[in-house]
Amino acid sequence: MLSVIRLAWRNVGRNPRRTGVVVTAVAVGLAGTLLSMAIFSGMMFQMVDNAIKTDLGHLQIHAQGFNKDPEIGLFLEDKGAPEIEAIQAEAGIQNWAPRIRGEGLVTSPSSSVGVRVIGVDPDAEAQVSMVSGSIVQGGYFDQKRRLVLGEGLARRLGTEVGDKIVLSVQDLEGDMNGTALRVGGIFRTPSAELDRSTVFLELAPAADLFGMGDSISEIVIVGHSRDAVLETQARLSAALPDREIERWDELQPLLASILSVMDQMASGLYLIIFVAMSFGIANVLLMAIYERIREIGILLAVGLSRGRLVAMVICESILVTLLGLVAGFTLALLALFALSDGIDMSLWAESLASFGMGTRIFPVLTPADFTIPTTVALLTALIASAWPALRAVRLRPAEAVRHD
Amino acid sequence: MSLEWRLAWRNVWRNPRRTGLTVSATVFAVALLVLMSALSTGMWEKIIDDSVSMGSGHVTLTGPNYLEERTLEQYTYLDAPLATRLGENPAIAGYAPRVNAFGLLSDADVTRGVMVIGVDPELEKSVSSLPDRIKSGRFLEKGKNREVVLGGRLAEILGVKIGDQVLLYSVAYSLESAYDLFSVAGIMHLPDPALDRGLALISLADAQAFFVYGNRISEVAIRVREADHSASLAEQLGSSLDPEKIEAHPWPEVMPDLAQTVVIDKLGMYLMLAILVIVVAFGIFNTILMAVLERKREFGVVLALGLRPRAIFRIVYLESILLAGVGLTLGLLVAIPLVLYLQANPIPITNSEEMAAAFEMVGTDPVIYAKLIANNPILSALTILLVALLAALYPAIRASQGKPVDVLRSL
């Protein structure tokens, strides 16, 4: 067997032209496949990342029942002290921020709009959401008793930075409660929904408004990565049995479903790319072996056994394919490195230019993404070389030598 | 020239195996390209279709500034001549007038803020998927007054069932308080949790009476027969309407988030298509190159017989063009029926309960759709033709470069 491998290896080196063509076919096919997968995963990743960075976070802690019916009466007492203690015991948590979350009505001189009212600790919030970095007018809580709202909402209300608006809500007791505040800043995020329907104010005035005292509605947590928070979630749930600890995909089941639907669609597209790749490889290998039928005939004539001949041909194909795989991985990694700043989609679509980071796709490849294309390529090489080799050795040497 | 054509044509058929492999590379390239673009077109058409049928249609007619402010102050009218025009327009599959407002809905001691939509029970069915989302009871009916249809979670929170009465409270257009009792006729199951706990439908006539709105409406949702025609229909309607009173918006203006996602995704898809083109281009290039290189001896012989290198170049290039032509034709013959078949018989995805639930949640069916638009096979074929013409260049040059002596000696 060892001699077969040595023979095969020599053959690979003996015909650099043929080896070159096969290696290119495998390398380009594989690199293309990997790049497509990376771009698609990157798109999905970006979608989730936008949602997580906008205001969702990786995890949220609530009182039981809040996720089903987000009501101001379901709160965490004492500024969430026991929850914060549990959070601080966790190594996997990067940042967290307390929030008060309720509903209210904003009235400007020209109209009134129903909104989500979110009370935040400005510094902590800046660590978990992109709102602080998305201010397009005014400032982010740089003055007292200001509120920050989305561009879409500002347009609906016809207000600008510095204008006074009235925010009225139903407080914990069920009484209507109102306060006048000035607009301190206007933000624009990739989520038009958020921009159209949310006002942020500081935690203290929000607590006064809702009559919450020391209580808060939720704690938003950002961990190191989406996978890492799974364990964090499990440990927090164990530490805080009477609290709801929800992951982003549980908080936004619609988003999670869209992702799995897109994933399913992607498998159809991957299939097409795999077919394209294996076809390119198979075609070249078939041709490379057919053109050697004469050589095979000579080897048969000088007495090489049929089994060893087939083994040699297959061995050669696998060796060349392996070379192609190495070249393909290198090519793909180089391309990914070149694209590590992301592909800016707004270059091609002017309509996206105003959305900032949300329109940049960062190709993502996980080690698992390498396994399927590699297996497909090797299997293709095996089949595409075994089949013609088996046919060729069945010819009589005299015929094979005459073969064109 | 005609001799070269004849030689090329004969060469093509002289080695059926080689020809078969080269042609199949082109067939596959065209077929895969057509299939991939049809699948991505189909996927987006489906997602847009599902979204507009939960929302405000492919094209939405509204009063001026409605999209910016979305309050009762921005209204329009659907008068009889306009209704007739919409009904007679062959591009329109259905239209439905609506009143969109906010209100508080309560049952005994629980109160929730909800989005109240007044709909025409009959016309709504031709536009939206809401009437199909009833999980218990029935949808609104013409002639029945003061009935309401609720989202599933909203009904749960309020603790009401079919036949119960709920109190709707709001501020009318006249700025007076408005309140009335409605009886629950049906309960919907809506995939979006925010809608499921915050949507109440009443009849258009009730809404106009409740909000003291007269004949005013918030919007007319229009469903088109061909999704591609949304923008042109909006433009056509917009130019014939009085912009002081009524505006026509295609769905991307009404749902900018979805439009943004679609644009990003389409661009991503073009990138993937470009990569696919590169992969198949190399497939074609490698195959032609190999087919030409294995004929070194043959070229050496004809060179020795006195054929000029330039003639060899032309013959080999002609062969490649012939092969590409055959491959393109066969590719389209394979791909177009396949895509048309998939368009008529979408591939069901039935691998898990979980998946089915995910599709349900998004409000779409667990199937993979393909959709053929005329541009797509034409563009695919042209791309592959260009690729083949470029790919054949180098092998043809190589073929014409050998010296007869070297070539003959090397074998």
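Residue check: A:Ser267 meets all listed conditions (1) surrounded by 15 or more Cβ atoms within 10 Å (Cβ to Cβ); (2) at pLDDT below 85 but one, namely (1). In segment A:283-321, what residues are under 36 Å from the mean Cα position of the chain (by Cα) and at the interface with another protein chain (Cβ under 9 Å from one of its Cβ atoms)? Within segment A:283-321, A:Asn283, A:Val284 qualify. Report whether or not B:Thr71 is modelled with pLDDT under 85 and part of a loop (DSSP other than H, G, I, E, B). It is true that B:Thr71 is modelled with pLDDT under 85 and part of a loop (DSSP other than H, G, I, E, B). In the set B:Ala399, B:Ala344, B:Ala388, B:Ala356, only one residue is modelled with pLDDT of 80 or more and either more than 30 Å from B:Val302 (Cα to Cα) or outside the structural domain of B:Val302 (by TED's automatic domain parsing) (or both); that residue is B:Ala344.
Suppose we keep only residues that are modelled with pLDDT of 70 or more and out of contact with any Ser or Thr (no Cβ under 9 Å at 6 or more places or on another chain) within segment A:346-369. Which one would you say is surrounded by the most Cβ atoms within 10 Å (Cβ to Cβ)? My answer is A:Ile361.
To keep it simple, each residue is scored yes or no on (1) within 20 Å of the chain's Cα centre (by Cα); (2) in contact (Cβ under 8 Å) with a residue 40 or more places away in the chain.
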position	(1), (2)
A:Thr24	no, yes
A:Ala51	yes, yes
A:Asp69	no, no
A:Lys79	no, yes
A:Pro82	no, yes
A:Ala97	no, yes
A:Val115	no, yes
A:Gly119	no, yes
A:Ala124	no, no
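A:Ala63 meets all of the listed conditions (1) of a type in the set (A, V, I, L, M, F, W, C); (2) under 29 Å from the mean Cα position of the chain (by Cα); (3) away from chain B (no Cβ under 14 Å) but one, namely (2).
Within the span defined as segment B:181-188, every residue fails to be surrounded by 16 or more Cβ atoms within 10 Å (Cβ to Cβ) and under 23 Å from B:Glu68 (Cα atoms).
Filter segment B:221-245 down to residues that are within 20 Å of the chain's Cα centre (by Cα) and touching a residue at least 60 places away in the same chain (Cβ under 8 Å), then give me how many there are. Total satisfying the criteria: 12. A:Ser225: under 22 Å from the mean Cα position of the chain (by Cα) and free of Cβ contacts under 8 Å to residues at least 12 places away in the same chain, yes or no? So A:Ser225 passes the test.
Each row is one residue, and each column tells you yes or no for (1) in a helix (DSSP H, G or I); (2) surrounded by 21 or more Cβ atoms within 10 Å (Cβ to Cβ); (3) within 11 Å of another protein chain (Cβ to nearest Cβ).
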| site | (1), (2), (3) |
| --- | --- |
| B:Ala8 | yes, no, no |
| B:Arg17 | yes, no, yes |
| B:Ala25 | yes, yes, yes |
| B:Leu33 | yes, yes, yes |
| B:Thr41 | yes, yes, no |
| B:Ile48 | yes, no, no |
| B:Leu61 | no, yes, no |
| B:Leu67 | yes, no, yes |
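For A:Gly211, are the conditions met, namely being within 30 Å of A:Asp175 (Cβ to Cβ) and buried (at least 16 other Cβ atoms within 10 Å of the Cβ)? Yes: the conditions hold for A:Gly211. A count restricted to segment B:240-268 and to residues that are more than 21 Å from A:Leu254 (Cα to Cα), among the hydrophobic types (A, V, I, L, M, F, W, C) and out of contact with any helix residue (DSSP H, G or I) (no Cβ under 6 Å at 6 or more places or on another chain) stands at 2. Scan segment B:402-411 residue by residue and report those that are assigned to a helix (DSSP H, G or I) and either under 12 Å from B:Leu293 (Cα atoms) or modelled with pLDDT of 85 or more (or both). Result: B:Val407, single match. For B:Ala381, the conditions (1) within 26 Å of the chain's Cα centre (by Cα); (2) surrounded by fewer than 15 Cβ atoms within 10 Å (Cβ to Cβ); (3) in contact (Cβ under 8 Å) with a residue 12 or more places away in the chain are fulfilled apart from (2). Looking at this structure, is B:Leu168 at negative phi, in contact with a Phe, Trp or Tyr (Cβ under 6 Å, 6 or more places away or on another chain), of a type outside the set (Val, Ile, Thr) and not in a helix (DSSP H, G or I)? Judged against the criteria, B:Leu168 is a match. For segment B:168-179, residues that are loosely packed, with under 14 Cβ neighbours inside 10 Å and either away from chain A (no Cβ under 14 Å) or closer than 20 Å to A:Pro70 by Cα (or both) total 3. Could you please find all residues in segment A:114-130 being polar (S, T, N, Q) and within 29 Å of B:Val114 (Cα to Cα)? The one that is polar (S, T, N, Q) and within 29 Å of B:Val114 (Cα to Cα): A:Ser129.
Pairing each residue of segment A:238-261 that is crowded, with 17+ Cβ neighbours inside 10 Å with any residue that is part of a loop (DSSP other than H, G, I, E, B) and hydroxyl-bearing (Ser, Thr, Tyr), provided the two are 6+ apart or on different chains, yields C-beta distances under 8 Å for A:Val261/B:Thr364. Within the bounds of segment A:336-345, is there any residue that is hydroxyl-bearing (Ser, Thr, Tyr), under 26 Å from A:Asn283 (Cβ atoms) and modelled with pLDDT of 80 or more? No, that holds for no residue.
Take B:Ala274 and decide whether it is farther than 30 Å from B:Arg146 by Cα, aliphatic (A, V, I, L, M) and in contact with a His (Cβ under 8 Å, 6 or more places away or on another chain). When the stated conditions are applied, B:Ala274 does not pass them.
The values are calculated or read from the model by the stated rules, or taken from the named source; none is laboratory data. The structure displayed is predicted, hence computed values, not measured ones. Every residue, glycine as well, gets a Cβ built from its backbone with ideal geometry; the counts of neighbours run over all protein chains shown.
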